[in-house]
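Below is one structure, written out as structure tokens; comments come after it.
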Amino acid sequence: MQRASDLLKSKSKQLWTIVPDASVFEALKLMAEKEIGALMVADKKGKVVGIMTERDYARKIVLKGKTSPKTLVKEIMTPFNKMFTVKPDTSVEDCMVLMTGKHIRHVPVFDGPKFIGLISIGDVVKSTISQKDVLINQLSNYISGKY
């Protein structure tokens with residue numbers, strides 16, 4: 001059974017963050033440049049204080065008539081105390097249940113108080129499909145007598 005830590009092994013080791021006082025426009029530029037859909041928001045000491053996603057932008061800027069250059073990340077981010085998180089040993093299946101049940105696309109992974117990575121719904125789906133493909137191959141080989 002795969003765990004959240006296994007998903008992180010196949011991803012870039014770079015953890016992208018932004019400070020709460022940055023403009024939403026700056027955050028969007030960074031997200032576009034890195035081709036990511038969410039940024040962890042960390043204070044100047046590196047402590048995670050929230051998460052900003054493309055969905056936050058769409059719902060809290062565009063739909064409310066605000067502008068991204070004049071709005072700060074801290075005004076639209078999901079604060080830490082309202083974030084859903086997982087641990088490195090959380091199963092991929094449990095990550096999927098959390099993400100689908102709470103309608104979220106990104107889940108931060110914390111090892112105790114330390115932020116170690118971000119899992120997307122795409123990561124979870126790819127892993128699940130891969131595991132199913134392996135099982136189907138094994139069963140097909142068994143049925144056809146290759147074992």
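Nothing in this text is a laboratory measurement; each read-out follows from the coordinates by a stated rule. Every value quoted in this text rests on a predicted model; they were computed, and no experiment measured them. In this analysis, Cβ positions are derived from the backbone assuming ideal geometry, glycine residues included, and neighbour counts consider all displayed protein chains.
This model, with +1 at the C-beta of Lys and Arg and -1 at the C-beta of Asp and Glu, gives the range 1-46 a dipole about its Cα centre of some 260 debye.
For the chain, the membrane-span-like helices by this rule, meaning whole DSSP H stretches whose C-alpha atoms cover at least 27 Å of axis and whose Kyte-Doolittle mean is 0.0 or above, are 121-143; this says nothing about an actual membrane.
The residue among 85, 138, 12 whose Cα reaches farthest toward the positive pole of the charge dipole of the range 4-143, with charges on the beta-carbon of Lys, Arg, Asp and Glu, is 85. Under a model in which nothing but the beta-carbon of Lys, Arg (+1) and Asp, Glu (-1) is charged, the chain shows a dipole of about 300 debye around its Cα centre.
In terms of packing, defined here as the mean over residues of other Cβ atoms within 10 angstrom, the peptides 59-65, 84-90, 49-55 line up highest first as 49-55, 84-90, 59-65.
Which aspartates and glutamates, if any, have their Cα less than 20 Å from the Cα of residue 146, not counting same-chain residues under 8 positions apart? By straight Cα distance, residue 146 reaches 133. Taking 7 Å steps out from each Cα toward its Cβ at residue 15 and residue 84 produces label points 2.1 nm apart. Diffusion coefficient (Stokes-Einstein, Kirkwood radius over C-alpha pairs, 20 °C, 1.002 mPa s) for the chain: 129 µm²/s, rounded to a whole number.
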